[in-house]
Amino acid sequence: MGLFDKLFGNKKKDEQEENQNSFEEMRKLNDKTKDGEMEEENGNKKKGSGISINLKPNYENGSITISSSHVGVSTGSTATDFYVYEWFIKETGEIFYVGKGRGNRYKEYHTRAYEAEKIRKQYETDSRFVSTGLTEDEAIEFESKEMARVLNETNDRLTNRVIPLFVNRANGYSRSPNTPELKFETAPVLFANEIEEHYFGQKARTFDEVEDKNLKAVVFITRNIRDEINVIYGGNLEKYQDETNALLIGSGKNILRSKYAKSVSAWIYVGDDEVQNYEIDQQQALEKLGRNIPTYHLIDVWKFLKEQYGAVVLKKNESSSINPVHLRVPLSEIKNIHNWDRGIDEGMPYWEKGDKERKMGNLEKAIELFDKARYNGYNAPALYISYAMVFRKLKDYDNEVAIIDECIERLRAEKINVNQNIIIGMRDRRAKALELKQK
């Protein structure tokens, strides 16, 4: 916690509760290290950061020097028989995986190297040693150098999930170069990454054509939102969301939370995603619901509804009827409001205790502890999500809306990157709270 977080916005990962009222689409902000669990050469698991960055302040000019350490994680072994190896396709010579190990590691099945194992299953492949007779530290260093060489000097698509920083190009998990460019008010595609397209012939997939009969009960998918906000929505995503929500509700449609709810009739993507993730989701829908789910994009649904029902007039005075009664101090009196680290240190313990009380059903006690966490400067989305779930459980929709409004305001006011999925999820929850309040 500290300088890295302030530079890159990689705050503490929020603990999420998997139920209908939580945000199931809220993904972890950083999944590159697979929860930091790296596979050792003997098949055991060892915790590690996967990617490490050294930040060195330059006191003469106030700048910061950023350098990357190696991608491997040391097990502390003193052996000197480590090696670095590559897997490659015999016919083309393409290198698709670089690893370190000892013994028979180079020819064993790698449970976490999913894409690499798919390639080994489909193609005739082989392995070769790049360097042998190494200490573990030497192998870790050489492994990183070899990855960098492949990415800098060849066009091979590495399937290694974690790669060295500051190389000329990424591994093969980026969008295929054949992915169409984003355009204003135009739905993107479910894209294929380079690995899937190059090795398995997978192509991008367009979203389904919108049909009114499939809009009866929809779920919004808010993961994987990147440049879409600025390009597709012209920096005004809220306009399209608010108008679509109003048109759906006004025409008698339902907006659900659970992607696999029995009554779900369509998924509406706000951003895009990989084709293979879409296929996995559809397979799960087939297993859980016995059917596939029509999949639309928000911009297409927005256009369709406007054509069907005409322009929408949004109510501007929704919040005027909100009258929350609470004991929370105003933002101006919060301690450590401009000191994220101290807010974490002094406020987070109260949130942790409060969330335990929430899960045990002690809702009033939970609110007291959340108020203390907030007062001491804790400002993570986890706090506001916990607040919102408690108020929903209490059917206190006034306070739920008020705390969500505060959350969105504070997240937007921060000078570091904020995961847009969090704000979108909060706005959806706010709309649902207002709907419940009116019933």
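Okay, here's what the table says:
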item	result
Candidate set from segment 131-157 (those that are touching a Gly at 6+ places or on another chain (Cβ under 6 Å) and part of a helix (DSSP H, G or I)); member that is surrounded by the most Cβ atoms within 10 Å (Cβ to Cβ)	GLU143
Positions within segment 77-130 being assigned to a loop (DSSP other than H, G, I, E, B), modelled with pLDDT of 95 or more, among the polar types (S, T, N, Q) and closer than 21 Å to ILE195 by Cα, in sequence order	THR92
Residue within segment 320-334 that is of a type outside the set (Gly, Ala, Ser), in the same structural domain as ASP242 (by TED's automatic domain parsing) and either touching a Leu at 6+ places or on another chain (Cβ under 7 Å) or part of a loop (DSSP other than H, G, I, E, B) (or both) present	no
Residue in segment 331-349 that is modelled with pLDDT of 90 or more, more than 22 Å from the chain's Cα centre (by Cα), crowded, with 22+ Cβ neighbours inside 10 Å and within 30 Å of ILE221 (Cβ to Cβ) present	no
Checklist (1) over 21 Å from ASN171 (Cβ atoms); (2) surrounded by 16 or more Cβ atoms within 10 Å (Cβ to Cβ) applied to LYS107, failing item	(2)
Pairs where the first residue, in segment 261-288, is farther than 29 Å from GLY234 by Cα and in contact (Cβ under 8 Å) with a residue 40 or more places away in the chain and the second is surrounded by 12 or more Cβ atoms within 10 Å (Cβ to Cβ) and hydroxyl-bearing (Ser, Thr, Tyr), C-beta under 9 Å, 6+ apart	VAL264/SER258
Filter result (out of contact with any Leu (no Cβ under 9 Å at 6 or more places or on another chain) and of a type in the set (Lys, Arg)) within segment 359-382	LYS359, LYS365, LYS372
First in segment 383-399 and under 17 Å from ILE344 (Cα atoms), second anywhere and assigned to a helix (DSSP H, G or I) and small (Gly, Ala, Ser), Cβ under 6 Å, 6 or more apart	LEU383/ALA373
Filtered residues of segment 202-223 (kept if small (Gly, Ala, Ser) and more than 15 Å from SER174 (Cα to Cα))	ALA217
Number of positions in segment 76-104 that are buried (at least 16 other Cβ atoms within 10 Å of the Cβ) and closer than 18 Å to GLU136 by Cβ	10
Single match in LYS365, LYS353, LYS359 (criterion: under 17 Å from TYR387 (Cα atoms) and surrounded by fewer than 15 Cβ atoms within 10 Å (Cβ to Cβ))	LYS359
Subset of segment 214-224 (residues that are modelled with pLDDT of 95 or more and charged (D, E, K, R))	LYS216
Unique residue being charged (D, E, K, R) and under 25 Å from ASN224 (Cα atoms) when the list is ARG392, ARG412	ARG412
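The rows are residues; the columns are (1) surrounded by fewer than 23 Cβ atoms within 10 Å (Cβ to Cβ); (2) assigned to a loop (DSSP other than H, G, I, E, B); (3) modelled with pLDDT under 90.
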residue: ALA382; (1), (2), (3): yes, no, no
residue: MET389; (1), (2), (3): yes, no, no
residue: LYS395; (1), (2), (3): yes, yes, no
residue: GLU400; (1), (2), (3): no, no, no
residue: ILE403; (1), (2), (3): no, no, no
residue: LEU411; (1), (2), (3): yes, no, yes
residue: VAL418; (1), (2), (3): yes, yes, yes
residue: ASN421; (1), (2), (3): yes, no, yes
residue: MET426; (1), (2), (3): yes, no, yes
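Rundown of residues vs (1) over 30 Å from ARG157 (Cα atoms); (2) buried (at least 16 other Cβ atoms within 10 Å of the Cβ); (3) in contact with a helix residue (DSSP H, G or I) (Cβ under 9 Å, 6 or more places away or on another chain), yes/no style:
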residue	(1), (2), (3)
HIS198	no, yes, no
VAL218	yes, yes, yes
ARG223	no, yes, yes
ILE232	no, yes, yes
LYS239	yes, no, no
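The values are calculated or read from the model by the stated rules, or taken from the named source; none is laboratory data. These numbers were taken from a predicted model, which means no experiment stands behind them. Neighbour counts run over all protein chains shown; Cβ positions are idealised from the backbone, glycine included.
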